[in-house]
Every structure is written in C-alpha cells, then in structure tokens.
Amino acid sequence: MPDSEPTTTKSFSLWFFFSRSFAIFLIAVSLGATIALPNLMEGSDYLMTFYIAGNLLNHNNWAALYPPDGATNLLETPFNLITHQMLSHVPKQMTAIYMYSPLTACVFAPFAWLSPGVSMAVWEMVSLAALFVSARLMHLVTGRSAGSFFWMALLFLPVFHTILIGHLGIALGIMPLALGMYLLLREKPFAAGLAWSLLLLKPQFVPSTLLVVGALALAGKIRSAAGLGLGFALLTAIMYFVLPGGIAVAWLHSFRLSDTLFTDPRYGYPRYLVCSIPGTLIDMTPRDHRQIVKLVTYALAAVIGLFTLWRATMCLRRDTNNITARLPYVFLLSIAVLPLVLPHFVSYDFCIFAIFGMLVFGYRWSAHEFVLKRDCILAWIIANLYLILWMFAPKALAQPLIMVAVSFELYRRLIVYGKDDLTVSRFEAQATATPDIAAA
C-alpha cells in the first residue's frame, strides 16, 4: 500500500508525457502541411476566405467582399473569381465566400501582406498562442494547471482541425470567451460584457454569451449586459461610420445568398461538416420542402434557447448572493446549447467545447462531479472519432446525426444534473491525495 501513491503518480506522469508528445505531433502536422504542401493548403478556409479578404482590404477593394446587388448565386461573385485567380490550385468546384463582418476582415489585413504560406503559418501560431492565453485565464479562475488545459485541448481534434485549416474559432472565439469568463468570475461584469462583444468577429459563439448575460440580467445583475450592449454599439458604430460607406449594409444583405452555401448542391459544401439540429434537418429535407422545415427548425431552436435561458436564470436565482459559484454551470449550458440552436454550427466550431472541458475538469463540483467528467470524456472521444471518420473513411459513413445525437444527449444530461445544486469550488492540488495531471 505505501507504494500506491508513487505508482499512481508515475502512471499520470507517463500519460501526460505521451499525451503532450501526441499534441506536439499534431502541431507539427498542422505547421508542416502549411509549409510543405502549399498547393494543397490553398483550399483551406484561411487562404480561401480570410487571406483573400485581408488582401482585398489592402488594395482598397472593399466592394468585392460581399455579393453585389442583384447577384443570384455565389459562383460569379467577385470574391469567388478573385480567389480562383490568386490561388490557382484551389479546385474549380470549390466556391469561395466571405460571410463574416468587415471588422473581421480588418484583423487579417496585416497578415495578407505576407505570402500565402507564411501568412497561414503565422496565423496558426497566433491561434496556438491564443489557446495558451485561454488556458492561462481558465487556470487563474479554477486553479488547474494552464499547461494541462493547453495540451489536453490540443488532443481535442476539433481544436486541431481549427488550427489545421486556419479558422478563427480560437483567436477570435475561444480567447474572448475565456477572457469574459475570467472577468465575470473575478466580479468584473461590465468588463466581461465588453470582452464578449468581440465575439461579433466570430458570431457563431455570440448566442453563448447572450444566454449568460441574459440569465444574469433576469436574475437582477445587468452590468454584464450593459457592457455587452456598449461593446456591440461601439463595433457597429465603427462599421457604419469608420469603414467605407455601405460595407456594413452589404454584409447584412449578403446573408440572403451566404445561407445558400450550405443547402445549394452547386456549391458542393461538405454536408458532414454541418453538425447542428437545424442544419442537419434542413439538409436531410428535399429541396422543395426546405423552406417549411427551416421555419419549423428555427422555431424549435428558439424554444430550446428560451428554455435554456429560463433554466440558467433559475439556477442563478437560487442564491443571488452566491452567483459566482453557479456561473460555471451556466457557462456549460451556454456552450452545450449551441449545436442545438445554430443552423451553421459546423464541425470545427466544436472547438468551443475545449472551454467546456476546462470548466468540467477545472473545478470541484458540489454534485455529479463523476458523471460530468465521464460525459465530457465520452463526448470528447466521439467528437474525435467523428473527425477521424470523415477524414479517413468513406464520406457516406460520416453522418452529422452522430454529432447531433451526442450534442443533444450531453445537453439533456446537463439539464437533468442542473436540478441539483451544481455549485463549484476552486481546485487546489494540495487539498487531495490524488495526483494532478498538471503536477505530474
């Protein structure tokens, strides 16, 4: 028996060594592919979308960001045509489109002065740095090691996928989200709202913050909502009054056509990437009936969203003097609900669940701690297997309903667990005899 603790510590050390080694291997794969396979990587989201957008801004060609008035398809838009001219190895069947705000394009303008391969490699390193900053912020509020958060997040393959294709979910999504959580848990709600307003640059994650600030407002705490509102107002004012005239309106008008990217077969968008309830149900419906199904699924999403807001509010109202200890559960709900309500929640957007895992494993939970961690691990395994499935197996086997079912079950269990008092306490490694992975 005296040797049990050293043996356990050694096993944790071994696991941490191999997990970190594999994470480093994944980083090397991402950077190596960018540098060694430049022609192949021209088809990545970064080069086809964000690099081109930044390049257009550098040449003062703002009008080409979005489809012109009267455009009936995405194939003949200036953005798609310019992309295929600049990146000659992009497959002809791929359609380039920029759906984000003009402010997001401004972020990538400096990167677009570099050559495509160098630019993408630099952005991947920025994403890695942003992931570590996020892990550090979560460490400051939970007590768990930032290193363990960082390395384990890299083993979550949607995070690797985000870095590999150069998407913005980490630097412009996870990092602002983590910063807002840190500020809110440090009782700086107004600053948290301001930080969360930066998610306008990655709007798929905005509903998560809307749910949190909405629940706080309904519980009588409105400062974070005020900060979020002010942040949105400032960013909107910049779009309308600082950027070239009409660009913000052009972005809003582009929604009509950009929505068809996921449903029009001419654009060949990989259907296995759309992993949300509304998106999957619409894609499974014959084209003649999709408008009706869209209305039904959007209404269902609204009901789920409002129900989640109500449950989050009830959680916070249980004890308004101890809201800080209840917020992590509300954060979990706000993340878990996203695949249930967003029509364009795609495979790499699951990278936001890296924060979910940091919350689950970063705290000591007053109830259901074991099942929370068990559910988190199972969801992590299935999400990883799904990515491996569509990357290396016949695409027909990668059915988005797999991820929809996992997302719904994870959400359902959170709702059930929330009936009990899911408060948290800060993790302190020295308070337990069980060795911490981070310390190993």
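The values are calculated or read from the model by the stated rules, or taken from the named source; none is laboratory data. No experiment lies behind these values; they were computed from the predicted model shown. Note that each Cβ is placed from the backbone with ideal geometry, even for glycine, and that neighbours are counted across all protein chains shown. To get the accessible areas, we keep the full protein, side chains included, count just its heavy atoms, and leave off ligands, DNA and RNA. Shrake-Rupley method; radii C 1.70, N 1.55, O 1.52, S 1.80 Å.
Looking for something open to solvent by 20 Å² or more (accessible area, probe 1.4 Å) and more than 24 Å from residue 420 (Cβ to Cβ) - is there at least one such residue anywhere in the stretch 333-342? Yes, some residue in the stretch 333-342 is open to solvent by 20 Å² or more (accessible area, probe 1.4 Å) and more than 24 Å from residue 420 (Cβ to Cβ). Can you confirm whether residue 353 is in contact with a helix residue (DSSP H, G or I) (Cβ under 9 Å, 6 or more places away or on another chain), open to solvent by 10 Å² or more (accessible area, probe 1.4 Å) and more than 25 Å from residue 301 (Cα to Cα)? Here the answer is no, as residue 353 does not meet what is asked. Need at least 3 residues that are modelled with pLDDT of 95 or more and under 20 Å from residue 177 (Cα atoms) per element, so show me which helices (runs of 4 or more DSSP H) inside the stretch 264-374 make the cut, counting only ones lying wholly within it. Correct list: 290-317, 323-336, 338-341, 353-362. Pull up the stretch 80-117, narrow it to residues that are among the β-branched types (Val, Ile, Thr) and farther than 11 Å from residue 47 by Cα, then point me to the one that is least open to solvent (accessible area, probe 1.4 Å). Among those residues, the one meeting the criterion is 104. Working only within the stretch 118-135, note down all residues that are within 18 Å of the chain's Cα centre (by Cα) and open to solvent by 30 Å² or more (accessible area, probe 1.4 Å). 125, 126, 129, 132, 133 - these are the residues of the stretch 118-135 that are within 18 Å of the chain's Cα centre (by Cα) and open to solvent by 30 Å² or more (accessible area, probe 1.4 Å).
Inclusion of residue 304 among residues that are among the hydrophobic types (A, V, I, L, M, F, W, C), under 24 Å from the mean Cα position of the chain (by Cα) and open to solvent by less than 50 Å² (accessible area, probe 1.4 Å) is warranted.
Here is a check on your reading of the model: is residue 144 closer than 30 Å to residue 184 by Cβ, charged (D, E, K, R), in contact with a helix residue (DSSP H, G or I) (Cβ under 6 Å, 6 or more places away or on another chain) and open to solvent by 50 Å² or more (accessible area, probe 1.4 Å)? Judged against the criteria, residue 144 is not a match.
Checking the structure you have, find out if any residue of the stretch 222-239 is open to solvent by 50 Å² or more (accessible area, probe 1.4 Å), more than 27 Å from residue 185 (Cβ to Cβ) and among the hydrophobic types (A, V, I, L, M, F, W, C). Yes - at least one qualifying residue is present in the stretch 222-239. For the stretch 33-59, residues that are in contact (Cβ under 8 Å) with a residue 60 or more places away in the chain and not in a helix (DSSP H, G or I) total 2.
Here is the figure for the stretch 54-68: residues that are surrounded by 17 or more Cβ atoms within 10 Å (Cβ to Cβ) and out of contact with any Cys (no Cβ under 9 Å at 6 or more places or on another chain) total 7.
Filtering the stretch 177-194 to residues that are within 16 Å of the chain's Cα centre (by Cα) and either of a type in the set (Val, Ile, Thr) or open to solvent by less than 10 Å² (accessible area, probe 1.4 Å) (or both) leaves 177, 178, 180, 181. Note on the stretch 322-372: residues that are polar (S, T, N, Q) and touching a Phe, Trp or Tyr at 6+ places or on another chain (Cβ under 8 Å) total 1.
Pairs linking a residue in the stretch 83-95 that is farther than 18 Å from residue 66 by Cβ to a residue that is surrounded by 17 or more Cβ atoms within 10 Å (Cβ to Cβ) and hydroxyl-bearing (Ser, Thr, Tyr), with Cβ atoms under 9 Å and 6 or more positions apart or on different chains, are 87/51; 90/83; 93/267; 94/83; 94/267. Cβ separations smaller than 7 Å between residues 6+ apart or across chains give the following pairs from the stretch 270-283 residues that are over 10 Å from residue 399 (Cα atoms) to residues that are open to solvent by 10 Å² or more (accessible area, probe 1.4 Å) and among the aromatic types (Phe, Trp, Tyr): 278/298; 279/262. Among (1) under 30 Å from residue 249 (Cβ atoms); (2) crowded, with 22+ Cβ neighbours inside 10 Å, there is one condition residue 158 misses while meeting the rest; what is its number? So the condition that residue 158 fails would be (1). Here residue 143 fulfils each of the conditions (1) under 14 Å from the mean Cα position of the chain (by Cα); (2) at positive phi apart from (1).
Residues in the stretch 107-124 that are of a type outside the set (Phe, Trp, Tyr) and in contact (Cβ under 8 Å) with a residue 60 or more places away in the chain: 107, 112, 116, 117, 119, 120, 121, 124.
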